[in-house]
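Quick notes on the structure that follows.
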Amino acid sequence: MLLPRVITALFGIPLVAGFIWVGGIPFFFFILGIIIFSLYEYYTVMSVGLKPVDPFSLFFCGIILPFAVFFNGDYYPLNIGIFLPLFISLSFILPLLREVFAKERYLERPAYTSFGIMLISFGLAHLPLIRDLRPDGRILTFAIIITVWVMDTAAYFIGKKFGKNKLSSVSPKKTVEGFFAALAFAALTMWIFHFYISAATAFYSFLLAMLIGLAGQYSDLAESLIKRAAGVKDSSNLLPGHGGVLDRFDSYLFIAPLTYYFLVLTR
């Protein structure tokens, strides 16, 4: 199954790199597209697992929330940003309100709905904010994306060859050896990138690498937990060799918000 992964990567890498390079509004809409596909896959996975989700609330709040996050950033501080707390609150209020008037009421439905909105939409919406950080947003975004690719590859091959200790029953193929290999290669990759990031010391790059390495791998496990609870292997088969869009971007569910606030608080 390595060939389909390589072919998909050959098409996907230039596309992602191009949007990162341009940044701004085009990159935001690219991430918005990723969010919409991921929300659809989340809804499909939960439906297969007989986990009730309100599609109207999921997509309405899941699409409008990234706009509020984006326009609340440093580069586009428009008035819509002041309503970010309102849209976050709406992501909990609307699913509950719709459930009150539903014919068959399940408390799990608004819970699963709000969970998906916050995990996917709110989390991934921070990627454009990282890209628009000045002066290093572009190189930081490339650094994060490439670090994730490198550490995923390291975890896969080293875990496959040397892995003997299972990391978690949630994802049986992941190993402790692969976990630490991912951290080591994340540190190496960020060390290389720190030469191109203004005012970034080797120690700062190490802290950032550990944040990316830990957040990315635990985020991956969190998505695996969702799929395991629903009884599915992949979020979809949209990307040959990679599963679905959510499978490909699951690492960033935790990485994007945690890294953004780390960068903002420490720059």
- Scan (1) modelled with pLDDT of 90 or more; (2) not in a helix (DSSP H, G or I) for the single condition F30 breaks and write down its number. (2)
- Kindly list the number of the only condition in (1) under 22 Å from R228 (Cβ atoms); (2) modelled with pLDDT of 90 or more; (3) crowded, with 19+ Cβ neighbours inside 10 Å that fails for A154. (1)
- Message: For segment 172-191, which positions are of a type in the set (S, T, N, Q) and under 19 Å from E223 (Cβ atoms)?
- Response: T175
- Among the residues of segment 2-19, is there at least one that is within 30 Å of F92 (Cα to Cα) and either at pLDDT below 95 or surrounded by fewer than 20 Cβ atoms within 10 Å (Cβ to Cβ) (or both)? no
- Task: Hey, could you check segment 25-74 for residues that are among the small types (G, A, S), more than 17 Å from the chain's Cα centre (by Cα) and crowded, with 19+ Cβ neighbours inside 10 Å and say which is nearest to L86 (Cα to Cα)?
- Result: A68
- Query: Among the helices (runs of 4 or more DSSP H) contained in segment 123-196, which hold 1 or more residues that are in contact with a strand residue (DSSP E or B) (Cβ under 6 Å, 6 or more places away or on another chain) and among the hydrophobic types (A, V, I, L, M, F, W, C)?
  - Reply: none
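Yes/no matrix, rows are residues, columns are (1) surrounded by fewer than 21 Cβ atoms within 10 Å (Cβ to Cβ); (2) at pLDDT below 90; (3) in a helix (DSSP H, G or I); (4) not charged (D, E, K, R):
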{"residue": "L214", "(1), (2), (3), (4)": "yes, no, yes, yes"}
{"residue": "L221", "(1), (2), (3), (4)": "yes, no, yes, yes"}
{"residue": "I226", "(1), (2), (3), (4)": "no, no, yes, yes"}
{"residue": "A229", "(1), (2), (3), (4)": "yes, yes, yes, yes"}
{"residue": "K233", "(1), (2), (3), (4)": "yes, yes, no, no"}
{"residue": "S236", "(1), (2), (3), (4)": "yes, yes, no, yes"}
{"residue": "D247", "(1), (2), (3), (4)": "no, yes, yes, no"}
{"residue": "I255", "(1), (2), (3), (4)": "no, no, yes, yes"}
- Message: Need the failing condition index for Y42 against (1) farther than 24 Å from T147 by Cβ; (2) of a type in the set (S, T, Y); (3) modelled with pLDDT under 85, just the number.
- Response: (3)
- Within segment 182-205, the residues that are of a type in the set (A, V, I, L, M, F, W, C) and under 20 Å from I158 (Cβ atoms) are A182, L183, A184, F185, A186, A187, L188, M190, W191, I192
- Query: Since F162 meets every condition but one in (1) closer than 21 Å to I34 by Cβ; (2) modelled with pLDDT under 95, which condition does it not meet?
  - Reply: (1)
- Item | T113 surrounded by 16 or more Cβ atoms within 10 Å (Cβ to Cβ), closer than 28 Å to G231 by Cβ and among the hydroxyl-bearing types (S, T, Y) | yes
- Identify the residue in segment 59-111 that is among the hydrophobic types (A, V, I, L, M, F, W, C), outside any helix (DSSP H, G or I) and under 30 Å from G137 (Cβ atoms) and, among all such residues, is modelled with the highest pLDDT. F71
- Query: Any chance segment 95-109 includes a residue that's in contact (Cβ under 8 Å) with a residue 60 or more places away in the chain and either over 15 Å from I35 (Cα atoms) or among the β-branched types (V, I, T) (or both)?
  - Reply: no
- Message: List pairs: first residue in segment 243-255 and touching a residue at least 12 places away in the same chain (Cβ under 8 Å), second residue assigned to a helix (DSSP H, G or I) and of a type in the set (D, E) anywhere in the structure, Cβ distance under 6 angstrom, at least six positions apart or on different chains.
- Response: G244/E41; L246/E41; D250/D220; D250/E223; S251/D220
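The values are calculated or read from the model by the stated rules, or taken from the named source; none is laboratory data. Here the structure is a predicted model, which is why all the values come from computation and not from measurement. Quick reminder, even Gly has a Cβ in these numbers, built from the backbone with ideal geometry, and neighbours come from all protein chains shown.
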